[in-house]
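The values are calculated or read from the model by the stated rules, or taken from the named source; none is laboratory data. It should be emphasised that the depicted structure is a prediction, and the values quoted were computed from it without experimental measurement. A quick note on method: Cβ atoms are made from the backbone with ideal geometry, for glycine too, and the neighbour counts reach across all protein chains shown. For the accessible areas, the whole protein counts, side chains as well, though only heavy atoms, and no ligand, DNA or RNA atoms are used. Shrake-Rupley method; radii C 1.70, N 1.55, O 1.52, S 1.80 Å.
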Amino acid sequence: MSDNKSNKKIIVIKTGGKAASEKSAMITLFKEIKELKNKYDFVFIHGGGAEVTRVSKVFGLEPVFKDGIRLTTPEEMEIVDMVLSGRMNKEIVRLANSSGIVSIGLSGSDAMLFSGKQAGEKTLTGKITNVNPSILSLLIKNDYLPVVSSTSMTADGIALNINADEAALEIASAIKADKLFFISDIQGVMKDNNIINILSEKMAEEEIASGVISGGMIPKVKSSISALKKGVGAIIIGEYLKNGDLLASIDAKKGTSIVL
(Lines give C-alpha, C1' and ligand atoms only; values in the text may rest on other atoms or scores of the structure.)
Protein backbone atom coordinates (compact mmCIF):
# COMPACT_ATOMS: atom_id res chain seq x y z
CA MET A 1 0.00 0.00 0.00
CA SER A 2 2.61 2.50 -1.10
CA ASP A 3 -0.07 5.14 -1.69
CA ASN A 4 -0.81 5.33 2.04
CA LYS A 5 -0.87 9.11 2.53
CA SER A 6 0.84 9.13 5.90
CA ASN A 7 3.44 6.47 5.10
CA LYS A 8 2.94 5.19 8.65
CA LYS A 9 3.61 1.54 9.32
CA ILE A 10 0.51 -0.65 9.20
CA ILE A 11 -0.37 -3.00 12.04
CA VAL A 12 -2.99 -5.70 11.41
CA ILE A 13 -4.70 -6.94 14.58
CA LYS A 14 -6.67 -10.19 14.58
CA THR A 15 -8.78 -11.21 17.53
CA GLY A 16 -10.94 -14.26 18.07
CA GLY A 17 -14.51 -14.17 19.28
CA LYS A 18 -13.56 -14.86 22.90
CA ALA A 19 -11.31 -11.81 23.10
CA ALA A 20 -13.82 -9.71 21.18
CA SER A 21 -16.50 -10.54 23.73
CA GLU A 22 -14.40 -9.14 26.61
CA LYS A 23 -15.83 -5.64 26.44
CA SER A 24 -13.53 -3.96 28.97
CA ALA A 25 -10.37 -5.38 27.36
CA MET A 26 -11.61 -4.31 23.92
CA ILE A 27 -12.25 -0.76 25.12
CA THR A 28 -8.73 -0.66 26.60
CA LEU A 29 -7.31 -1.99 23.31
CA PHE A 30 -9.11 0.63 21.23
CA LYS A 31 -7.94 3.39 23.57
CA GLU A 32 -4.37 2.18 23.08
CA ILE A 33 -4.88 2.04 19.31
CA LYS A 34 -6.02 5.68 19.49
CA GLU A 35 -2.87 6.59 21.45
CA LEU A 36 -0.69 4.89 18.80
CA LYS A 37 -2.44 6.23 15.69
CA ASN A 38 0.05 9.07 15.38
CA LYS A 39 2.70 6.43 14.71
CA TYR A 40 0.81 3.52 13.12
CA ASP A 41 -2.20 2.80 10.95
CA PHE A 42 -4.34 -0.21 11.89
CA VAL A 43 -6.59 -2.83 10.32
CA PHE A 44 -8.73 -4.86 12.74
CA ILE A 45 -9.94 -8.37 11.86
CA HIS A 46 -12.16 -10.55 14.02
CA GLY A 47 -13.46 -14.10 14.14
CA GLY A 48 -16.17 -15.53 16.35
CA GLY A 49 -16.51 -19.26 15.77
CA ALA A 50 -17.58 -20.06 19.34
CA GLU A 51 -20.46 -17.60 19.14
CA VAL A 52 -21.49 -19.02 15.74
CA THR A 53 -21.59 -22.48 17.34
CA ARG A 54 -23.66 -21.21 20.27
CA VAL A 55 -26.23 -19.50 18.05
CA SER A 56 -26.35 -22.43 15.62
CA LYS A 57 -27.34 -24.72 18.50
CA VAL A 58 -30.06 -22.26 19.56
CA PHE A 59 -31.54 -22.72 16.08
CA GLY A 60 -31.21 -26.50 16.29
CA LEU A 61 -28.18 -26.81 14.02
CA GLU A 62 -25.36 -29.08 15.21
CA PRO A 63 -21.99 -27.82 13.89
CA VAL A 64 -19.73 -30.35 12.17
CA PHE A 65 -15.94 -30.02 12.20
CA LYS A 66 -13.25 -31.89 10.28
CA ASP A 67 -9.60 -31.47 11.31
CA GLY A 68 -10.67 -28.45 13.36
CA ILE A 69 -12.36 -26.74 10.41
CA ARG A 70 -16.09 -26.03 10.42
CA LEU A 71 -17.98 -27.67 7.54
CA THR A 72 -20.43 -24.84 6.98
CA THR A 73 -23.86 -25.86 5.66
CA PRO A 74 -26.11 -23.39 3.77
CA GLU A 75 -28.32 -23.14 6.87
CA GLU A 76 -25.34 -22.47 9.10
CA MET A 77 -23.94 -19.90 6.64
CA GLU A 78 -26.97 -17.74 7.43
CA ILE A 79 -25.96 -17.90 11.10
CA VAL A 80 -22.32 -17.12 10.24
CA ASP A 81 -23.37 -14.00 8.31
CA MET A 82 -25.77 -12.93 11.05
CA VAL A 83 -23.31 -13.42 13.91
CA LEU A 84 -19.95 -12.40 12.38
CA SER A 85 -20.86 -9.70 9.86
CA GLY A 86 -23.94 -8.60 11.78
CA ARG A 87 -23.95 -8.52 15.55
CA MET A 88 -20.25 -9.06 16.35
CA ASN A 89 -18.94 -6.71 13.68
CA LYS A 90 -21.32 -3.94 14.72
CA GLU A 91 -20.58 -4.41 18.44
CA ILE A 92 -16.86 -4.02 17.74
CA VAL A 93 -17.46 -0.98 15.51
CA ARG A 94 -19.56 0.62 18.25
CA LEU A 95 -16.83 0.00 20.83
CA ALA A 96 -14.18 1.49 18.54
CA ASN A 97 -16.25 4.55 17.66
CA SER A 98 -17.16 5.17 21.30
CA SER A 99 -13.44 4.98 22.14
CA GLY A 100 -12.72 7.84 19.77
CA ILE A 101 -11.65 5.88 16.68
CA VAL A 102 -13.77 6.50 13.59
CA SER A 103 -14.43 2.97 12.33
CA ILE A 104 -16.07 1.23 9.39
CA GLY A 105 -17.34 -2.38 9.47
CA LEU A 106 -16.57 -4.58 6.46
CA SER A 107 -16.69 -8.18 5.38
CA GLY A 108 -14.67 -9.88 2.66
CA SER A 109 -17.59 -9.32 0.30
CA ASP A 110 -17.41 -5.52 0.60
CA ALA A 111 -15.56 -4.16 -2.43
CA MET A 112 -14.43 -7.80 -2.91
CA LEU A 113 -11.82 -7.21 -0.20
CA PHE A 114 -11.14 -10.94 -0.25
CA SER A 115 -12.92 -13.67 -2.18
CA GLY A 116 -12.43 -17.36 -2.61
CA LYS A 117 -13.67 -20.80 -3.51
CA GLN A 118 -15.50 -23.53 -1.63
CA ALA A 119 -13.18 -25.87 0.25
CA GLY A 120 -15.35 -28.79 -0.91
CA GLU A 121 -18.55 -29.52 -2.78
CA LYS A 122 -20.65 -29.96 0.35
CA THR A 123 -19.43 -27.01 2.41
CA LEU A 124 -19.60 -23.23 2.30
CA THR A 125 -16.37 -23.03 4.24
CA GLY A 126 -13.98 -21.36 1.82
CA LYS A 127 -10.36 -20.71 0.95
CA ILE A 128 -9.20 -17.27 -0.14
CA THR A 129 -8.06 -17.04 -3.76
CA ASN A 130 -7.95 -13.27 -4.26
CA VAL A 131 -7.39 -10.15 -2.15
CA ASN A 132 -8.19 -6.63 -3.34
CA PRO A 133 -7.02 -4.27 -0.57
CA SER A 134 -7.89 -1.00 -2.38
CA ILE A 135 -10.82 -0.34 -0.02
CA LEU A 136 -8.43 -0.60 2.93
CA SER A 137 -6.09 1.93 1.32
CA LEU A 138 -9.01 4.31 0.79
CA LEU A 139 -10.20 4.00 4.39
CA ILE A 140 -6.74 4.26 5.96
CA LYS A 141 -5.85 7.33 3.89
CA ASN A 142 -8.98 9.00 5.25
CA ASP A 143 -8.15 8.00 8.85
CA TYR A 144 -10.82 5.33 9.30
CA LEU A 145 -10.19 2.06 11.15
CA PRO A 146 -11.39 -0.88 9.01
CA VAL A 147 -13.05 -3.56 11.17
CA VAL A 148 -13.23 -6.72 9.07
CA SER A 149 -15.30 -9.87 9.59
CA SER A 150 -14.25 -13.06 7.84
CA THR A 151 -17.33 -13.82 5.75
CA SER A 152 -16.84 -13.59 2.01
CA MET A 153 -18.03 -14.87 -1.35
CA THR A 154 -17.08 -16.70 -4.50
CA ALA A 155 -16.65 -14.82 -7.77
CA ASP A 156 -20.22 -15.78 -8.72
CA GLY A 157 -21.76 -14.58 -5.47
CA ILE A 158 -21.99 -17.68 -3.26
CA ALA A 159 -21.52 -16.84 0.43
CA LEU A 160 -18.40 -18.25 2.09
CA ASN A 161 -17.23 -18.70 5.66
CA ILE A 162 -13.49 -17.98 5.78
CA ASN A 163 -11.24 -18.82 8.73
CA ALA A 164 -10.39 -15.48 10.34
CA ASP A 165 -6.72 -16.42 10.79
CA GLU A 166 -6.48 -17.03 7.05
CA ALA A 167 -8.20 -13.72 6.32
CA ALA A 168 -5.75 -11.89 8.60
CA LEU A 169 -2.72 -13.55 7.02
CA GLU A 170 -3.87 -12.89 3.46
CA ILE A 171 -4.79 -9.26 4.16
CA ALA A 172 -1.51 -8.61 6.00
CA SER A 173 0.39 -10.15 3.08
CA ALA A 174 -1.51 -8.12 0.47
CA ILE A 175 -0.83 -4.80 2.21
CA LYS A 176 2.68 -5.82 3.32
CA ALA A 177 1.86 -4.94 6.91
CA ASP A 178 4.73 -4.14 9.24
CA LYS A 179 3.25 -6.42 11.93
CA LEU A 180 0.34 -8.84 12.30
CA PHE A 181 -0.72 -9.34 15.93
CA PHE A 182 -2.80 -12.44 16.69
CA ILE A 183 -4.51 -11.68 20.00
CA SER A 184 -4.87 -15.05 21.69
CA ASP A 185 -5.80 -16.53 25.04
CA ILE A 186 -2.24 -17.82 25.40
CA GLN A 187 0.88 -15.81 26.28
CA GLY A 188 2.71 -16.95 23.16
CA VAL A 189 4.48 -20.04 21.87
CA MET A 190 5.70 -21.85 24.98
CA LYS A 191 8.75 -24.03 25.67
CA ASP A 192 9.49 -25.46 29.13
CA ASN A 193 6.87 -23.12 30.60
CA ASN A 194 8.64 -20.09 29.13
CA ILE A 195 7.56 -17.89 26.24
CA ILE A 196 9.67 -18.13 23.09
CA ASN A 197 10.15 -14.39 22.54
CA ILE A 198 11.58 -14.56 19.01
CA LEU A 199 10.84 -17.51 16.72
CA SER A 200 12.75 -17.69 13.43
CA GLU A 201 11.87 -19.98 10.53
CA LYS A 202 14.76 -22.29 11.41
CA MET A 203 13.76 -22.39 15.09
CA ALA A 204 10.14 -23.07 14.15
CA GLU A 205 11.15 -26.08 12.05
CA GLU A 206 13.23 -27.42 14.94
CA GLU A 207 10.48 -26.91 17.54
CA ILE A 208 7.85 -28.54 15.29
CA ALA A 209 10.16 -31.53 14.79
CA SER A 210 10.79 -31.78 18.55
CA GLY A 211 7.10 -31.58 19.40
CA VAL A 212 7.34 -28.28 21.30
CA ILE A 213 5.08 -26.70 18.67
CA SER A 214 2.17 -29.07 18.19
CA GLY A 215 -1.53 -29.34 17.38
CA GLY A 216 -3.25 -26.26 16.00
CA MET A 217 -0.17 -24.12 16.55
CA ILE A 218 1.67 -25.94 13.73
CA PRO A 219 -0.51 -24.63 10.85
CA LYS A 220 -0.62 -21.15 12.43
CA VAL A 221 3.19 -20.97 12.61
CA LYS A 222 3.65 -22.43 9.11
CA SER A 223 1.07 -20.04 7.64
CA SER A 224 2.76 -17.17 9.46
CA ILE A 225 6.11 -18.01 7.88
CA SER A 226 4.46 -18.09 4.44
CA ALA A 227 3.03 -14.63 5.12
CA LEU A 228 6.46 -13.34 6.16
CA LYS A 229 7.82 -14.51 2.81
CA LYS A 230 5.08 -12.48 1.09
CA GLY A 231 6.18 -9.28 2.79
CA VAL A 232 4.75 -9.10 6.32
CA GLY A 233 7.43 -7.74 8.65
CA ALA A 234 6.71 -9.91 11.71
CA ILE A 235 3.83 -11.89 13.19
CA ILE A 236 3.08 -11.77 16.89
CA ILE A 237 1.10 -14.32 18.91
CA GLY A 238 0.13 -13.29 22.43
CA GLU A 239 -2.39 -11.95 24.92
CA TYR A 240 -3.91 -8.51 25.32
CA LEU A 241 -4.71 -7.91 28.98
CA LYS A 242 -3.96 -4.27 29.76
CA ASN A 243 -2.98 -0.91 28.33
CA GLY A 244 0.57 -1.07 26.97
CA ASP A 245 0.34 -4.69 25.81
CA LEU A 246 -0.18 -3.64 22.18
CA LEU A 247 2.95 -1.51 22.02
CA ALA A 248 4.94 -4.10 23.99
CA SER A 249 3.85 -6.77 21.48
CA ILE A 250 4.68 -4.55 18.48
CA ASP A 251 8.12 -3.93 20.01
CA ALA A 252 8.68 -7.71 20.58
CA LYS A 253 8.73 -7.25 24.36
CA LYS A 254 5.65 -9.41 24.91
CA GLY A 255 4.33 -12.56 23.25
CA THR A 256 6.10 -14.50 20.50
CA SER A 257 7.33 -12.64 17.43
CA ILE A 258 7.71 -14.89 14.38
CA VAL A 259 10.36 -13.61 11.96
CA LEU A 260 12.31 -14.95 9.00
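Please pick out the residue among I140, I183, I208 that is over 22 Å from R70 (Cβ atoms) and touching a strand residue (DSSP E or B) at 6+ places or on another chain (Cβ under 7 Å). After applying the criteria, what remains is I140.
Pairs are defined by a Cβ separation below 8 Å, a sequence spacing of at least 6 or placement on different chains, a first member in segment 105-131 that is under 14 Å from D165 (Cβ atoms), and a second member that is aromatic (F, W, Y); the pairs so defined are G108/F114; I128/F114. The test for being among the small types (G, A, S), open to solvent by 30 Å² or more (accessible area, probe 1.4 Å) and without any contact (Cβ under 8 Å) to a residue 40 or more places away in the chain holds for S210. The set of residues from segment 2-45 being under 24 Å from I79 (Cα atoms), in contact with a helix residue (DSSP H, G or I) (Cβ under 9 Å, 6 or more places away or on another chain) and modelled with pLDDT under 95 comprises T15, G16, G17, K18, A19, A20, S21, K23, M26. The sole residue among A172, A168, A164, A119 that is crowded, with 23+ Cβ neighbours inside 10 Å, within 22 Å of S85 (Cβ to Cβ) and modelled with pLDDT under 95 is A164. Residues in segment 47-102 that are open to solvent by less than 40 Å² (accessible area, probe 1.4 Å), among the β-branched types (V, I, T) and under 17 Å from the mean Cα position of the chain (by Cα): V52, V80, V83, I92, V93.
Scanning segment 183-197 for residues that are under 15 Å from the mean Cα position of the chain (by Cα), buried (at least 16 other Cβ atoms within 10 Å of the Cβ) and not hydroxyl-bearing (S, T, Y) yields one hit, I183. The set of residues in segment 186-233 being of a type in the set (V, I, T) and in a helix (DSSP H, G or I) consists of I208, I218, V221, I225.
Of all residues in segment 25-42, count the ones that are open to solvent by less than 10 Å² (accessible area, probe 1.4 Å), farther than 15 Å from L139 by Cβ and among the acidic types (D, E).
Selection size over segment 25-42: 1.
Of all residues in segment 24-38, exactly one satisfies the criterion of being outside any helix (DSSP H, G or I) and either of a type in the set (G, A, S) or over 16 Å from V147 (Cβ atoms) (or both), namely N38. Can you work out which of the residues in segment 122-142 that are outside any loop (DSSP other than H, G, I, E, B) and in contact with a helix residue (DSSP H, G or I) (Cβ under 8 Å, 6 or more places away or on another chain) is most open to solvent (accessible area, probe 1.4 Å)? Out of the qualifying residues, it is K127. Scanning segment 27-84 for residues that are closer than 19 Å to I158 by Cα and free of Cβ contacts under 8 Å to residues at least 12 places away in the same chain yields a single hit, E78.
Of all the numbered requirements in (1) assigned to a strand (DSSP E or B); (2) loosely packed, with under 15 Cβ neighbours inside 10 Å; (3) of a type outside the set (K, R), L180 misses one, and that requirement is (2). Scanning segment 234-253 for residues that are free of Cβ contacts under 8 Å to residues at least 60 places away in the same chain, open to solvent by 10 Å² or more (accessible area, probe 1.4 Å) and outside any helix (DSSP H, G or I) turns up E239, D251, A252, K253.
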